[in-house]
Amino acid sequence: MSTLDLDPRFTFDNFVVGAANRLAAAAARRVADAPGAAYNPLFLYSASGLGKTHLVMAIGAHARRVHPNLTVVYETLEHLLEGVMSAIQAGERDAFRNRLRHADLLLLDDVQFLAGRRGAQEELLRAWDLLTARGGQVVLASDRPPTEIDDLDQRLLTRFSGGLIADIGSPEYETRIVIARSKAEERGQTLAPGVAETLARVEFTNVRELQGALNRVLAVQELEGRTVTAEEVAHLLGVGVETRKADEFGAFLNDIAGAVGEVVSGVSAEQRLADAILRWEGEGFRTRRLELALDSPVSEIEADTLIDEFESDVERLRSIGARIRELDPEAPELERLEVLRNPDRLHDAEALLAAVEARTRSLPQPPTSPSFDELALPASLFAVRAARAVGEAPGTRYNPLYVHGPAGAGKSALLVALANEVRSQSPDTAIAYLTGREFADELMDAIQHNHVDGWRSRYRRARLLVLDDVDAIAGTERVQEELFHLFDDIVRAGGQLVFAAEVAPRALAGLEERLRTRMESGLVVELNEGAEEATGTEPETTGSARDVPAWVEPRVPVAGNDVPVAHAEPDLTDVLDEAPQSEPQLPVDDFFRSREKVLWQWPYVEDWLETEAG
Amino acid sequence: MSLVNYSTKEITCKIVYYGPGRSGKTSNLQYVHAFVPEERKGPMVSLATETDRTLFFDFLPLDLGTISGFRTRMQLYTVPGQVYYNATRKLVLRGADGVVFVADSQREQLEENMESLRNLHENLLEENIEPRDFPMVLQYNKRDLPGVVSIEELDDLLNFRGVPAFPASALSGNGVFDTLKSISQLVLQSLSRRFRAPVDQVAARGGG
């Protein structure tokens, strides 16, 4: 596979430098003098015919002359890929890398044709890394800047942009004059006064067109042996030589291109870091990460990457602050400037946001039905009446209400009815309704994502906490501890707690004593399997409070020694007295068969007996 | 405050046209606006009074395209020249990277020119900007009118800092781009210097 030769006509000596290409020419010379030492890669771009290839080849020619041992490879992308394809078809698997393996200075022209060629990009990426790892220099030429090459691999884009990107603009009037004169001189000819100026005034879009026009003038001079005058040029070229339209803006751009180049080139990694430090300090952000980088040697690419990441973190901090403000304008987290202004603590800032989100998230709500009226349980059931009493005045009696009974007895429906009763009576009451499993899962999630404080604050808002299937928390430590604290907080705030489980608290294995005593401190009622079947056929109610066994008697909450007893629990007779007078009284004998009032199955009776016997 | 962002490869500069009322600041921007290709400019925003004087400011965003790999943008502003709009002038001046002082070359406007220049210095100092170090050029406008004050005399009166000064006729465009080019180069040079300074500045405050 052959390589392309450098065209000996293209040297630095015959490259006319003007304002539009000064930066590109200076950078090219520096690279040619010391390949691999500065501006690696050098990325040159311009519209067609403005001298990219000339400069690229001049670099190669100069580097070969100054460093004879250097392996210079010049390729256009198309030629390179054609050669690689042929080699691959001939069975050479690593054709691409082999082709560039020995290059010390790779000059790659027309790289814009990489657009959309993923395979070629991958290969170039690998070859690039091998080459630069050996200290090799890369010079690229394109008709557009790297960022405008479509579908360019991000890694290649980073590499292309990692050195110096220099563009070549259209030469301004004065440079066009010099180009015309110097090209004539190269051909050993002299232009009559005014000819170069006249040519320079023609609307050429690039240097090639200017050269073509000059060639016509020179051909006439050579072939006819006479000097072409300025007046003849228009006729000779077959175009009207109009005075170049006043493109003042274009001239302005050309004139300041050099000044922009001054700003962006030759700025060291340290200077970029220091500038970023001062800028972000001025904005009130901690810049320790950048300061550390400033104290250690970093390349320009590393510095840019660091600054890029830093600014991305700053942006995230800003959006976190804005989000917290949106969720809660009074959030105390907004005062945590040591976190919200420190990109090194982005993780903590995320945790702050998560806490605020957790805190401000709406509480889990009960289904909208059933209400007590829709309940498929007899209104006369003791548990239903107790729940209704709690629903009508939450937090003032039977706190907590603990309903237990086998699966399918209607506990969940009863709890929902209670919650809906509270909701209908005072819609502003903060209600949380969830199962013990959900409660535990939410806590685990909050622990995992480091926003337990927010989770806790969220549930502390509840003034009615309904925890169904609370059995699920048995045997847990952290969940019970959190529920214990939450219990006290809600009671202290005058809120109501309601629990449901298959068994009574004392039968719930793995329930901590402090929680068990609290659950028993209000009213514990049983809702048995037969309750639904008994609907309408065997109304179960008790005649009077005196008939109620001692273990369901209401007690004053004991959720903490300092709990003020604002409302002493009303006697259960309050509830029972509200029972419809028309309901028949149970015969005394039947009372003892009521599964609602009597504990028929004592849990762990063996343990008790053992203890008693011991 | 101009911005050079190496990550996004962007440069943004703010240039303010300052000067007494009716000296031709808006005409400068209008001329530039007329010569900038459509794709390179945003709409020119002018907030004028019913008497067609600039009440608040003119704003012309220019996209100079990608130069040396950097997307380069300039924002040109004018301030209202009338004495009583000083609060607006201060506001517009905030964050400026350079100033074009547009003076009226007519003899009867000499006092207004000097008063406006004094006001510029005061406002810069209020913003903690040292006028002597701040990129500035002078434009002696309305040179096409008869009987205008000579350049030398204007220099004596206004250009005590020896900044670049350009004769201009903003309505016809003479000198407009020369002025813009000069201030742009000064601003960019100042930016370039800024990048040479901060390493020492960071080190001097104790290395963070």
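The values are calculated or read from the model by the stated rules, or taken from the named source; none is laboratory data. Values in this document were obtained by computation on a predicted structure and should not be read as measured data. Quick reminder, even Gly has a Cβ in these numbers, built from the backbone with ideal geometry, and neighbours come from all protein chains shown. With ligands, DNA and RNA removed, areas are computed over all heavy atoms of the protein, side chains included. Shrake-Rupley method; radii C 1.70, N 1.55, O 1.52, S 1.80 Å.
Odds and ends about this structure:
- Per this entry, A:Ser319 is not counted among residues that are hydroxyl-bearing (Ser, Thr, Tyr), within 19 Å of A:Glu283 (Cα to Cα) and within 14 Å of chain B (Cβ to nearest Cβ).
- For segment A:283-316, a residue qualifies if it is surrounded by 18 or more Cβ atoms within 10 Å (Cβ to Cβ), away from chain B (no Cβ under 11 Å) and farther than 28 Å from A:Leu334 by Cβ, and exactly one does: A:Val298.
- Taking segment A:256-266 as the range and being more than 7 Å from chain B (Cβ to nearest Cβ) and either under 18 Å from B:Thr8 (Cβ atoms) or without any contact (Cβ under 8 Å) to a residue 60 or more places away in the chain (or both) as the test, only A:Gly266 passes.
- Failed item, numbered, when B:Gly147 is tested on (1) of a type in the set (Gly, Ala, Ser); (2) open to solvent by 10 Å² or more (accessible area, probe 1.4 Å); (3) not in a loop (DSSP other than H, G, I, E, B): (3)
- Strands (runs of 3 or more DSSP E) (entirely within segment B:35-134) containing at least 1 residues that are within 14 Å of another protein chain (Cβ to nearest Cβ) and at pLDDT below 85: B:54-67, B:70-78
- Residues of segment A:1-37 that turn out to be open to solvent by 50 Å² or more (accessible area, probe 1.4 Å) and assigned to a loop (DSSP other than H, G, I, E, B), as a count: 10
- One residue from A:Gly163, A:Gly135 being in contact (Cβ under 8 Å) with a residue 40 or more places away in the chain and over 20 Å from A:Asn21 (Cα atoms): A:Gly135
- Matching entry among A:Ala192, A:Ala219, A:Ala230 (being among the aliphatic types (A, V, I, L, M), open to solvent by 30 Å² or more (accessible area, probe 1.4 Å) and over 60 Å from the mean Cα position of the chain (by Cα)): A:Ala219
- Exactly one residue out of A:Ala133, A:Ala166 is under 24 Å from A:Glu262 (Cα atoms) and not polar (S, T, N, Q), and it is A:Ala166.
- Some residue of segment A:96-104 being open to solvent by less than 50 Å² (accessible area, probe 1.4 Å), touching a residue at least 40 places away in the same chain (Cβ under 8 Å) and either farther than 20 Å from A:Leu44 by Cβ or part of a loop (DSSP other than H, G, I, E, B) (or both): yes
- Considering each residue of segment A:263-272 in turn, at least one proves to be over 33 Å from the mean Cα position of the chain (by Cα) and either of a type in the set (A, V, I, L, M, F, W, C) or not in a helix (DSSP H, G or I) (or both).
- Within segment A:460-477, tally of residues that are closer than 24 Å to A:Ala504 by Cα, part of a helix (DSSP H, G or I) and not hydrophobic (A, V, I, L, M, F, W, C): 1
- Listed conditions (1) buried (at least 21 other Cβ atoms within 10 Å of the Cβ); (2) not in a helix (DSSP H, G or I) are all met by A:Asp428, apart from (1).
- Conditions (1) modelled with pLDDT under 80; (2) within 14 Å of chain B (Cβ to nearest Cβ); number of the one not met by A:Leu253: (1)
- Here is the figure for segment A:482-528: residues that are in a helix (DSSP H, G or I), touching a residue at least 24 places away in the same chain (Cβ under 8 Å) and acidic (Asp, Glu) total 3.
- Here A:Trp455 meets each of (1) of a type outside the set (A, V, I, L, M); (2) open to solvent by less than 30 Å² (accessible area, probe 1.4 Å); (3) over 15 Å from A:Pro364 (Cβ atoms) with one exception, condition (3).
- When segment A:27-41 is filtered for residues that are under 22 Å from A:Ile256 (Cα atoms) and more than 11 Å from every other protein chain (Cβ to nearest Cβ), the ones remaining, listed by number, are A:Ala28, A:Arg29, A:Arg30, A:Tyr39.
- Residue match in segment B:158-181 (condition: surrounded by fewer than 21 Cβ atoms within 10 Å (Cβ to Cβ) and at the interface with chain A (Cβ under 10 Å from one of its Cβ atoms)): yes
- Selection of segment A:172-186 for residues being surrounded by 14 or more Cβ atoms within 10 Å (Cβ to Cβ) and at pLDDT below 80 yields A:Glu172, A:Tyr173, A:Thr175.
- Residue match in segment A:267-282 (condition: surrounded by fewer than 16 Cβ atoms within 10 Å (Cβ to Cβ) and more than 9 Å from chain B (Cβ to nearest Cβ)): no
- Residues in segment A:45-64 that are out of contact with any Asp or Glu (no Cβ under 8 Å at 6 or more places or on another chain) and part of a loop (DSSP other than H, G, I, E, B): A:Leu50, A:Gly51.
- None of A:Leu70, A:Leu156, A:Leu152, A:Leu130 is farther than 30 Å from A:Val16 by Cβ and not in a helix (DSSP H, G or I) except A:Leu152.
- Filter pass, A:Phe160 being open to solvent by less than 80 Å² (accessible area, probe 1.4 Å) and at pLDDT 85 or above: yes
- Tally of residues being open to solvent by less than 20 Å² (accessible area, probe 1.4 Å) and either out of contact with any Gly (no Cβ under 8 Å at 6 or more places or on another chain) or within 15 Å of A:Gln112 (Cα to Cα) (or both) across segment A:55-74: 8
- On the stretch given as segment A:345-367, residues that are at pLDDT 90 or above, open to solvent by 20 Å² or more (accessible area, probe 1.4 Å) and more than 21 Å from the chain's Cα centre (by Cα) total 3.
- Taken over segment B:1-34, the criterion of being surrounded by 18 or more Cβ atoms within 10 Å (Cβ to Cβ), aliphatic (A, V, I, L, M) and at pLDDT 75 or above is satisfied by B:Ile11, B:Ile15, B:Val16, B:Leu29, B:Val32.
- Enumeration of residues in segment A:75-90 that are open to solvent by less than 70 Å² (accessible area, probe 1.4 Å) and within 42 Å of the chain's Cα centre (by Cα): A:Glu75, A:Thr76, A:Leu77, A:Glu78, A:His79, A:Leu80, A:Leu81, A:Val84
- Only one of the numbered conditions (1) of a type in the set (D, E, K, R); (2) more than 10 Å from chain A (Cβ to nearest Cβ); (3) out of contact with any Lys or Arg (no Cβ under 9 Å at 6 or more places or on another chain) is not met by B:Arg193, and that is (2).
- The condition of being of a type in the set (Lys, Arg), within 14 Å of another protein chain (Cβ to nearest Cβ) and under 35 Å from the mean Cα position of the chain (by Cα) holds for only one of A:Arg126, A:Arg144, that being A:Arg144.
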